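Let me begin by presenting the structure, written as structure tokens, before commenting on it.
Please treat every number below as a calculation from the coordinates, not as lab data. This is a predicted model, so every value here is computed, not measured. Using ideal geometry, Cβ is built from the backbone for each residue, glycine included, and neighbour counts are taken over all protein chains shown.
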Amino acid sequence: MSMIYFSKSTPVTVRGERVAQLNIQLYDTTLRDGVQRAGLSFSVEDKLKIAKRLDELGIHFIEGGWPGANPKDAEFFARARDIKFSQATLVVFGSTRRKDTEAANDPLLRDLLDTGAKVFTLVGKSWDEHVTGVLKTTLDENLRMIADSIRYLKAEGNSVFFDAEHFFDGYKGNAEYALRTVEVAAEAGADCVVLCDTNGGALPGEVAVAIEAASRVGVPLGIHTHNDGELAVANTLVAVQSGITQVQGTINGYG
Ligand SMILES: [Zn+2]
């Protein structure tokens, strides 16, 4: 997981000359992806304290966890309602609906709305091999799962970010399908599609090419890298240069 945090508006300089002004959304997932690190475990109290510190640091979005999948996270969101953040927004994480069901009947999606949050991040598959091999469903049903779930959570003015899991591996295997998942998420109203290098195996050149292709969909893009190839920071920087608007990371690169 990468850890690059820019301030709200970071000037980019080349040989001392200001060439651009970045407007990047900072999105921290220490409390969800970070805790997947072996040996790391936070109590609800710890998570509340960390969330407050992240707010003080100027992080725009704090991903608090996955209620429904984790009872501790449901408690965290219930208690976090009483916290007044100075500028950060708390984000609830979850996955697209189960296959062959209705979004409205999916108990995990309902748990997300029950938190009372207004911003959600939904993870879904963008690698065709994982759709057929892991989800064991059809490529079309996966597209419907993405679209239905986003539409369901978008109700009543909520914001939804879509985490395109294994996007860069998916792009290498079946570019057309990986891009179709981004397109479907955009059509369903996703406010940002976050391209994830979930295995941490992408090279910076590949990241640039895939982002350029995804940019044609015309939805704001984010980047979520893992550091398995020691390239999380490099890949994130390439993504920023390629025009993405949201950077996801964790404190100390945990996760
Ligand atoms: Zn991740």
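Side notes on the structure shown:
- Computed P(r) (all Cα pairs; the range 82-155; 10 Å bins; percent): 19, 46, 24, 9, 2
- Set of aspartates and glutamates with alpha-carbon distance to K136 below 17 Å, sequence-local pairs under 8 removed: D100, D128, E165
- Treating each Cα of the chain as one equal point scatterer and applying the Debye formula with no solvent, the log10 of I(q)/I(0) at q = 0.09, 0.10 Å⁻¹ comes out as -0.37, -0.45.
- Annotation for N23 and R216: the two label points, set 7 Å from Cα along the Cα-Cβ direction, are 2.6 nm apart.
- Each part gets one Cα centre, and for the range 208-255 versus the range 84-152 those centres are 21 Å apart.
- Potential extension, K172-N70 segment - 0.36 nm per residue separation minus Cα distance: 33.5 nm
- Each helix, a run of at least 4 DSSP H residues, gives -39500 (n - 2.57); summed and divided by the residues of the chain, these come to -10500 deg cm²/dmol at 222 nm.
- Share of pairwise Cα separations in the range 128-254, more than 25 Å, in percent: 21 percent
- Amide H within-cut-off set for T89, under 5 Å, with H built and near neighbours excluded: F61, I62
- Most simply put, the chain has about 15% antiparallel DSSP beta bridges, counting only bridges with both residues inside it.
- If you wrap the Cα atoms of the range 24-73 in a convex hull and average its projected area over all directions, you get 3.7 nm².
- The chain, relative contact order in percent, only Cα pairs under 8 angstrom and at least six apart counted: 22 percent
- Label-point separation, R151 to E187 (7 Å along Cα→Cβ), nm: 1.0 nm
- Annotation for A78 and L139: the two label points, set 7 Å from Cα along the Cα-Cβ direction, are 4.4 nm apart.
- Sequence-distant residues sharing a close amide H with V194 (under 5 Å, placed H): F162, D163, A164, G222
- Whole-Hz ³J(HN,Hα) from phi, Karplus 6.51 cos²θ - 1.76 cosθ + 1.60, for the range 104-111, glycine and proline x: 5, 9, 8, x, 5, 5, 5, 4
- Filter on K52/K72; K49/K154; K72/K154; K49/K118; K99/K172; K47/K172 - keep pairs with C-alpha separation over 27 Å: K49/K154; K47/K172
- Environment charge at P204 (Cβ cut-off 12 Å; Lys +1, Arg +1, Asp -1, Glu -1): -3
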